[in-house]
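The values are calculated or read from the model by the stated rules, or taken from the named source; none is laboratory data. Since this is a predicted model, take the numbers as computed values, not measurements. Quick reminder, even Gly has a Cβ in these numbers, built from the backbone with ideal geometry, and neighbours come from all protein chains shown.
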Amino acid sequence: MNTSRKLLLSAFAAICALASGICVAQSYPLKAVHIIIPVPPGGLQDSLARAMAPELTKRWGQAVLVENRSGANGIIAADSVVKAAPDGHMLWMGTMVQLSNDLLNRKMPFDPIKDLVPVIGLVDAGSMFVSSIQFPARNLQELIAAARAKPGEINYGSFGVGSLPHIDTEALATQAGIKVTHVPYKGGAEILQGILGGQVTFAIMGITATIPLIRQGRIRAIAYGGLKRSSGFPDVPTISEAGLKGYTSGGWFGWFAPAATPAAVVSKIASEAGQVISVPEFRDKFVHAAGLEVLNLAPGPFAEQLRADRESYSARLKALNVKLE
C-alpha cells in the first residue's frame, strides 16, 4: 500500500471516528443520568446537584437523578463511577480534596487521574478568613503583625489535624512567617462558637457558615480565599490581594466521568451544565446565595485547574508532613 493511500485511509478513519462521536453526543442521553454525590443529603454539593437535576431533565428529556454514596472521603462514590459504563450516564460530583486521597497516602481502588476524566468545574467554594470582633486587627496585615509580635499566642480553629482549614492555615502561617496555635474542633459551628466565645481568634473556613454572623456584625471578615473576590462581599479583599500573593484557600465542586467516556459526550454535558449554572435566576438563588461563585470551567481548563490545585495541595501536605494511613 503506497503512502498516499495510507494517508487517505487514516484521514477517513479519523473522520468516521469524529462523526461517530458527534452522533453519540447528539443522541445523549439515552437513559437516566445518575449524579453520584460522596456526601450525605443536605450539604452544599448535594443541594447544588439537586437544584441542577430538574433543569437538565428539562433540557435532555431524560431523568437526572442524584444519589448519595458517602464514605471514605469520596472514594466509595468515585469508585462506583470508575466502574460504570463510560457513556456519560453516571457522573461523580466531587472536590479536589476528595479526588486527592492518594496524596494523603490512602489506599485507592483506582487511579484518580487516569480513571476519571474532568467534565466541568461548576463552582468555586472559597474559604473566608474570619476573626473575633474583639481582636483589634481589622485586616490581614494587622493580624500578621500581631502574630509576629506574639509568636504562638494567637489561636485558630479547624476541623482537626489534616483537615483543609488546618492545612491551609498552616500554609498561610508559613508564607506569612508567623507562628499560631492550632485548636481543633468537630465542625464549623463549633469553630464559630469558639470565635464568638474568645477561645480562638480566627479561622479559615467555608464561607457559607460564616455569612449570617458576618452580616450580623458578630464576626469580622478579614479576607476571602477564592481566586477572585466574593460577589456577596465585594469589599473584602482576597488573601492574595491582602498581601500573600498567590495564596488561595477553599476549593471547587466539579463533575467527572469514567476515563473512556467519548470526548463529544463530555463536551455536551459540560456545555449544558454550564448553561444551567449561568442562568442569572439559578446563579443568584443556588450559587451566590450559598456564598459560591460560578466557575463554568470546560473539560480542558478544568483539567489544568485540577493539576495545579493538586500540586499546591501536595506541596502543603509535604511541608506539614500530613498523612492518613
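Observations on the model:
- Subset of the stretch 143-165 [part of a strand (DSSP E or B) and closer than 11 Å to I204 by Cβ]: Y156, G157, S158
- Residue in the stretch 222-235 that is surrounded by fewer than 23 Cβ atoms within 10 Å (Cβ to Cβ), more than 22 Å from the chain's Cα centre (by Cα) and either assigned by TED's automatic domain parsing to the domain that holds A72 or farther than 19 Å from V287 by Cβ (or both) present: yes
- Test: A289 is assigned to a helix (DSSP H, G or I), of a type in the set (A, V, I, L, M) and surrounded by fewer than 20 Cβ atoms within 10 Å (Cβ to Cβ): yes
- Set side by side, the residues D168, D124 differ, and just one is at pLDDT below 95 and either part of a strand (DSSP E or B) or not assigned by TED's automatic domain parsing to the domain that holds G206 (or both), which is D124.
- When residues in the stretch 172-189 are screened for being over 24 Å from the mean Cα position of the chain (by Cα), among the β-branched types (V, I, T) and over 15 Å from F129 (Cβ atoms), 2 of them pass.
- Filtered residue count, the stretch 77-102, keeping only those that are hydrophobic (A, V, I, L, M, F, W, C), at pLDDT below 95 and surrounded by fewer than 20 Cβ atoms within 10 Å (Cβ to Cβ): 1
- Yes/no for G251 being touching a residue at least 24 places away in the same chain (Cβ under 8 Å) and touching a Ser or Thr at 6+ places or on another chain (Cβ under 6 Å): yes
Results for (1) assigned to a helix (DSSP H, G or I); (2) surrounded by fewer than 17 Cβ atoms within 10 Å (Cβ to Cβ); (3) aliphatic (A, V, I, L, M), shown as yes or no for each residue.
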{"residue": "V294", "(1), (2), (3)": "no, no, yes"}
{"residue": "E304", "(1), (2), (3)": "yes, yes, no"}
{"residue": "R307", "(1), (2), (3)": "yes, yes, no"}
{"residue": "A315", "(1), (2), (3)": "yes, yes, yes"}
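- Residues (of a type in the set (V, I, T), closer than 26 Å to H288 by Cβ and surrounded by fewer than 22 Cβ atoms within 10 Å (Cβ to Cβ)) located in the stretch 121-176: I133
- Yes/no for L227 being over 20 Å from A147 (Cβ atoms), out of contact with any Gly (no Cβ under 6 Å at 6 or more places or on another chain) and at pLDDT 95 or above: no
- Filter result for the condition that a residue is surrounded by fewer than 20 Cβ atoms within 10 Å (Cβ to Cβ), part of a helix (DSSP H, G or I), at pLDDT 95 or above and not aliphatic (A, V, I, L, M), over E272, E241: E272
- With respect to being modelled with pLDDT under 95, aromatic (F, W, Y) and in contact with a Phe, Trp or Tyr (Cβ under 8 Å, 6 or more places away or on another chain), F159 fits the description.
- So S267, is it surrounded by 16 or more Cβ atoms within 10 Å (Cβ to Cβ) and in the same structural domain as Y28 (by TED's automatic domain parsing): yes
- Residue match in the stretch 53-62 (condition: surrounded by 22 or more Cβ atoms within 10 Å (Cβ to Cβ) and of a type outside the set (S, T, Y)): no
- Close pairs (6 angstrom Cβ cut-off, 6 or more residues apart or separate chains): under 15 Å from S240 (Cα atoms) in the stretch 210-227, charged (D, E, K, R) and outside any helix (DSSP H, G or I) anywhere: G226/D124
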